[in-house]
Each structure stands twice: as C-alpha cells, then as structure tokens.
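K.L.:
Have a look at this one.
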Amino acid sequence: MKKLAADTGALIRKEWVLEWRNRYALNGILLYATATVYTCYLSFRSVEPVVWNAVFWIILLFSAINAVAKSFLVESRGRQLYFYTLAHPQAIMLAKIIYNVLLMLLIAAVSLIFYVIVFDNPVADMPMYLLAVLLGCLSFASTLTMVSGIASRAGNNFSLMAILSFPVVIPLLILLIKLSKNAMDGLDRSVSADEIVLLLAINVIVIVLALLLFPYLWRD
Amino acid sequence: MKGIWWKTTGVVFVFYSLIGGLLFKVPELPILNESIRNIHFHVTMWFAMIALFSYGFYSSIRYLATGAEKWDIASVESNNTGIFFGVLGLVTGMIWAKFTWGEPWPSDPKLNSSAIAMLVYLAYLVLRGSIDEDQKRGRISAVYNIFAYPIMIALLFVLPRMTDSLHPGNGGNPGFSSYDLDSRLRVVFYPAVLGWILIGVWIMQIRVRIKKIANTR
C-alpha cells in the first residue's frame, strides 16, 4: 500500500516533468481550449443561458478528449514496458488518472475564465457551478483515461478513441449539464443532491473498474 | 436435442404470448386502447437484451479470469444477440410511440438513453473489428465490455428516472403494474418475458456453435 502510494507519487511527478519539458503539448491544449471558446464567441456573439451552459460543456468535452487521449497514445511501447517493470500497473493507472484530473482542472479553469470574459456570466450560484466543473473534470479524466488505455492497445488511433469514449461519456455529460444548469439558475442546492451523489457514484465505479481492469490491459 | 425442455418451454411461451397477447381481453385505457398489447412484444425485448448483456458481462469476467477462448466467444455472441434484441426493442417501441405519443421518436430521456446504450455496444463491435490478434482482441474487448456494462445499466435504469419522461416507469410515471389492476396482462406478460429470454439464449447458443465450427476450420 505504501509502495503503491510512493510509486503513484513518483509517476505523477514524472508525468508533470515530461509535460513541462515538452511545453508545446500543454500550451497546445490550452490554446485549443481558448481558440474554441473564441470561435464560439465569434459564431454566437451573445447566447441564451441554456446554450451558454451547453456550449461550455461541449468545449470542455472536446478539450478533454484531446488532452487525455494522448496520455497513453504518445508513449512508445518500449517505454511503457519499462514502466511496468518498475511499478505496479495500478500505480500507473492511478497516477495517470490523478495527473489527468489536475490537467483537466487547469484546462477547465483557463477556459471558464476566458469564457466568462468573452461571453457574459449568467451563473447565479458560482460555488455550485465550480463544484459541477470540478466533478466534470474528475469524470472526464477518469473515464477518458481508461478509454485511452483501451484505444492505445487497439492500434493507437484517434478515431477509435472518439468512438469508444462518446457513448461512455454522454451519461456523465447529461448529469453534468443538468447539475450545472441547476447552479446557473440558482436553484436551491438540495435540488442538485441527486446528481452530485450519482456523479460521485459513477466516478467511484469507473475508477475502481479502471484499477481492477488495467492489469489485464497492458500485458501482451 | 440437448436441453429440449427449456427450448420447448421457450417456444411454447412465445407462441402462447403471441396468441394470448393478441386475443385475450386487455384493460380498456384511454390513449393506449388496444396498443397496450404491445407490452408483450416491446418490454420483453428489453428483458431478453438485459439477460443477454448480463451473460456477456459475466463471460467477459470469466474470460479475463481464465483466458479460455470459449468465454470470449460466449461474450461476443451474447452481446451480438443482445444488440439484435435491443434493435427489436427500439423498433417495437417506435411503433408504439407512433400510435400513443403521435411520433416515433419524441425527444425523451428513456429513448435517448437506450439509443446511446446501443452505441456503447456497437462501439464494442468496432473495437473488436480493429484488433487482429485473437487473444489480444479477446482481452481488450472483455475489458471494454466490463467497463461499459455498468454505464449501460446507469443509462437505462438510473438516468431516465431522474427527469421528466413520457415513458411509463420513469420520471415519476407509474409503471405497467398500475395499468394491470386485475392481472389480465400479467398472465401473458411473465411467460412472454421468460419465453423470449429462453429464445434469446437459444439463438446465442447456436451462434456460439457456428463460431466454434468456423474457428476450427
């Protein structure tokens, strides 16, 4: 258990060091998010609150797929094998998920700030909306990391990643849009309790499954 | 014929539900009218689908645990048969919706969820198609199947219950039991469910055998 935690910590640090040395990937994904926000601004100019919310989540979803897809796709077979000799596969999966959650939080923060600046801000209950974004980052990162692991084993292609991830992410997206719309309309917080509990439950199931299944995935 | 008892039971129950479902007296209800008979043909498809997907899920777990090829074949064929029943469920539902709600595909959470659930399993087939090596294909598709099954369950049984829906049993609507006060539907419905599940299992078994023969050639 202690070794798992230590390995996970080291692997997260490794992910970050790699990302930082290779800054173009990080900058690229942040630029992707902001460029998408700006494109939406130029196409819509001003939007209804319902559309505002939906467009934000779609931007976040596409940025997430781009950002998280590469977590397994970019690593060469040889390097992956080397990691598996060093650490338990569960530590690798856990590290990837945690790192992707952090990455998603960064992307979401940048896009949300930029989004609120260019469009106006119709959100009535901001702390609740931020909680929805936080849960969104967690959900996208956990499911997409697992799907990225599966897609990387099956011939490393991006279109497969999209095909596999969309149907899996849509239920989460439905819940997230509902939760964030409640927050946007400033409804009483108790109204959203169901969605929050369900999102957390799905995330727990997804992460547990990812940790249980990943050891079967990587060996060839 | 091996397992003749349950196979005959399946055939008898399905024929009984065809005859009983079309001829027996049904509760007289506004809007639904005689279309309530479709309950024996629409809802049973989903029961058969869930049974087959569940067996596919179980087989995938067994495949990861044992690595025996027969479990891989069992899981892919029960998913294939499950998709077939899912498509039938969508079609019978669309016919029903045309007559009761006025259009075959109103935007409704239950309908959208079931369509997405179908997409999950179609993606599973695409994933299988994209890998050439047998063992690798078996393992990776088993992992995806185990991952997708709980999400399918959430899609079909949890999410539609949380919003407004036209569909019975969802969004605060009463389920079918409220339409069936004197159990006239139940005498046909329960045998029909069992019959279609058995027929589904039979189809799946035959497909598994065909696959096994094809593999040894």
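The values are calculated or read from the model by the stated rules, or taken from the named source; none is laboratory data. All values reported here derive from a predicted model rather than from experimental measurement. Cβ coordinates were reconstructed from backbone atoms using ideal geometry, including for glycine residues, and neighbour counts include every protein chain displayed. Please note that ligands, DNA and RNA were not included when accessible areas were found on the heavy atoms of the full protein model with its side chains. Shrake-Rupley method; radii C 1.70, N 1.55, O 1.52, S 1.80 Å.
K.L.:
I'd like to verify a number: residues in region A:59-74 that are crowded, with 20+ Cβ neighbours inside 10 Å and more than 18 Å from A:Ser111 (Cβ to Cβ), how many?
P.N.:
2
K.L.:
For residues that are open to solvent by less than 30 Å² (accessible area, probe 1.4 Å), within 7 Å of chain B (Cβ to nearest Cβ), of a type in the set (A, V, I, L, M) and in a helix (DSSP H, G or I), tally how many sit in region A:148-167.
P.N.:
Counting residues in region A:148-167 that are open to solvent by less than 30 Å² (accessible area, probe 1.4 Å), within 7 Å of chain B (Cβ to nearest Cβ), of a type in the set (A, V, I, L, M) and in a helix (DSSP H, G or I) gives 3.
K.L.:
Being over 17 Å from A:Val169 (Cα atoms) and either open to solvent by 50 Å² or more (accessible area, probe 1.4 Å) or in contact with a helix residue (DSSP H, G or I) (Cβ under 6 Å, 6 or more places away or on another chain) (or both): is that true of A:Val110 here?
P.N.:
Yes, satisfied.
K.L.:
A further question on this structure: Filter region A:184-220 down to the residues that are open to solvent by 70 Å² or more (accessible area, probe 1.4 Å), more than 11 Å from chain B (Cβ to nearest Cβ) and not in a helix (DSSP H, G or I), then identify the one that is nearest to A:Val47 (Cα to Cα).
P.N.:
Ranking the qualifying residues of region A:184-220, first place goes to A:Asp185.
K.L.:
Is there a residue in region B:75-95 that is over 23 Å from B:Ile199 (Cβ atoms) and hydroxyl-bearing (Ser, Thr, Tyr)?
P.N.:
no
K.L.:
Of the residues B:Ser183, B:Ser165, B:Ser177, only one is open to solvent by less than 30 Å² (accessible area, probe 1.4 Å) and modelled with pLDDT under 85; which?
P.N.:
It is B:Ser165.
K.L.:
So, in region A:75-94, exactly how many residues are surrounded by 21 or more Cβ atoms within 10 Å (Cβ to Cβ) and touching a Pro at 6+ places or on another chain (Cβ under 9 Å)?
P.N.:
1
K.L.:
Also: Hey, any hits in region B:143-166 for a residue that's in a loop (DSSP other than H, G, I, E, B) and facing chain A (nearest Cβ under 9 Å)?
P.N.:
yes
K.L.:
Still on this structure, I have one more. Looking at region B:77-124, which of the residues that are in contact (Cβ under 8 Å) with a residue 40 or more places away in the chain and within 9 Å of chain A (Cβ to nearest Cβ) is farthest from B:Asn38 (Cα to Cα)?
P.N.:
Checking each candidate, the answer is B:Tyr124.
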